[in-house]
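Following: one structure in structure tokens, then a few remarks.
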Amino acid sequence: MKIKVLKFSIDSARLAGNIVRAGGVIVFPTDTVYGIGCDPFNEKSVGRIYQIKRRPGKPMPILAKDLKDVEKIAEMNEIEFEIASKLWPGQLTILLRAKPSFRNSRLVSGDGRVGVRIPASLQTLTIIGESGGLLVGTSANISGLPPPQTIQELDEEILGSADLVIDGGRCLMGKPSTVVRLADKDSLRILRLGSIPAERLKGICEELGLTLDIEGRYPLKD
């Protein structure tokens, strides 16, 4: 089958959504880097992305269209909501407690957390909306290789494995999202530095009365 590469449009976003709902895998633009995604509730499709990326069973993030969609898979406390309200839509992935109904997913870590964000890209939000409101949003690269900022940077293996590729031009940020989790009620931990700098998070933590803790790279790629 010839792989389709289409420029972003309302029609191509609708086609992408139909493919996702039918269990397919798509490559699509985000505000950070190009992503490869599928229906997060379809375990067969999720497994296919793990195979395409040659990625061990580490959790992958999920992109949501809005907070109502986030609530389908995760729970937020008051502090997590305050952080999200300041940086969503945007390039921040927050590890939230997965809802009991979603905890058996491969996308959830051993401690019951799932990485979630609402991206700041109208193209991405349109595709997510057409896909049902939630979309696996891991970077469209072979695990360990640089994430692509343009369609031209896509690995041929990734390009040949997807059911549809949406060309939305160059991604704005060019680097993955920053990943954080609330370590306790008084501390926010940076698990991976990305598009959002530590300085910005430090300012938000000061506003909310939190301390900021920077850890090593977390094994979750956007």
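Computed from the coordinates by the stated procedures, all read-outs in this text should not be read as laboratory data. Bear in mind that the values here come from a model prediction, so they are computed numbers and not experimental data. Because the Cβ atoms are built from the backbone with ideal geometry, glycine has one as well, and the counts that use them run over all protein chains shown.
So the values come out like this:
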read-out: Size of charge dipole - the chain - debye, nearest 20, with Cβ of Lys, Arg +1 and Asp, Glu -1, no other charges; value: 580 debye
read-out: C-alpha long axis of helix 78-87 to longest principal axis of the chain, angle in °; value: 60 degrees
read-out: Linear extension gain, L6 paired with K58, 0.36 nm per residue minus alpha-carbon span; value: 15.7 nm
read-out: Unit charges at the beta carbon, dipole of the chain: most positive-side option, T30, G203, N77; value: T30
read-out: Debye equation applied to the C-alpha atoms of segment 7-127, log10 I(q)/I(0) at 0.09, 0.20, 0.21 Å⁻¹; value: -0.24, -1.22, -1.33
read-out: Percentage, to the nearest whole number, of Cα pairs in segment 4-214 over 20 Å apart; value: 54 percent
read-out: Theoretical FRET efficiency, 1/(1+(r/R0)^6), r = Cβ-Cβ of Q51 and L172, R0 35 Å, to 0.05; value: 0.75
read-out: Segment 18-137, dipole about Cα centre (Lys/Arg Cβ +1, Asp/Glu Cβ -1), debye to the nearest 20; value: 580 debye
read-out: Amide proton proximity set for K4, modelled H, under 5 Å, gap of 5+; value: V165
read-out: Computed lengthening from D186 to S143, 0.36 nm per intervening residue step minus Cα-Cα distance; value: 12.1 nm
